[in-house]
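In what follows, a structure is listed as structure tokens, so that the remarks can point back to it.
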Amino acid sequence: MKNTVDNPQRRRILVATTTALAAAPFLRLSVSDAVADADLPHLSEDDPTAKALKYKHDAAEAPRADKGGVAAAEQFCHNCKFIQSDSGQWRPCQLFPQKAVNADGWCASWIAK
């Protein structure tokens, strides 16, 4: 009877399976952020959370004030710590799950990156 512990074919199958299972969570990373983000609906200024955070698509229309040593005129969604992408006009934001915010927008939770 052959010892299955020393079977090289079995070992290769186990290594390949383990590697595939370990890599599975990282497959999502290979999808382009631009493609994934393009599918998100745009946040409406009428959304209850957007209203509560005084979100505006155009930061110039928002009630901004100097914050954290950053002038109000320099505060935008694209330079906020909560933005989740570095490209695109509409980007995902941690504060508005499953919605995209305008990169030139602003909300009261703005914090510098």
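The values are calculated or read from the model by the stated rules, or taken from the named source; none is laboratory data. Note that the structure is a prediction, hence the values are computed from the model and not measured. All Cβ positions, glycine included, derive from the backbone under ideal geometry; neighbour counts span all protein chains shown.
Can you find even one residue in the range 73-81 that is in a strand (DSSP E or B) and crowded, with 20+ Cβ neighbours inside 10 Å?
Yes, that holds for at least one residue.
So which pairs qualify, if the first residue must be in the range 57-85 and among the hydrophobic types (A, V, I, L, M, F, W, C), the second must be part of a loop (DSSP other than H, G, I, E, B) and surrounded by fewer than 12 Cβ atoms within 10 Å (Cβ to Cβ), the Cβ gap must be under 7 Å, and the two must be at least 6 apart or on different chains?
Ala72/Ala65; Ala72/Asp66; Cys80/Lys113; Phe82/Gln94
If His57 meets every condition in (1) exposed (fewer than 15 other Cβ atoms within 10 Å of the Cβ); (2) at pLDDT 95 or above apart from one, which number is that one?
(1)
Under 14 Å from Ala108 (Cα atoms), charged (D, E, K, R), modelled with pLDDT under 95 and in contact with a Phe, Trp or Tyr (Cβ under 8 Å, 6 or more places away or on another chain): is that true of Lys67 in this structure?
On the way: under 14 Å from Ala108 (Cα atoms): yes; charged (D, E, K, R): yes; modelled with pLDDT under 95: yes; in contact with a Phe, Trp or Tyr (Cβ under 8 Å, 6 or more places away or on another chain): yes.
Spelling it out, Lys67 is indeed under 14 Å from Ala108 (Cα atoms), charged (D, E, K, R), modelled with pLDDT under 95 and in contact with a Phe, Trp or Tyr (Cβ under 8 Å, 6 or more places away or on another chain).
Within the range 82-98, track down each residue that is surrounded by 12 or more Cβ atoms within 10 Å (Cβ to Cβ) and either part of a strand (DSSP E or B) or within 11 Å of the chain's Cα centre (by Cα) (or both).
Phe82, Ile83, Gln84, Ser85, Trp90, Arg91, Pro92, Cys93, Leu95, Phe96
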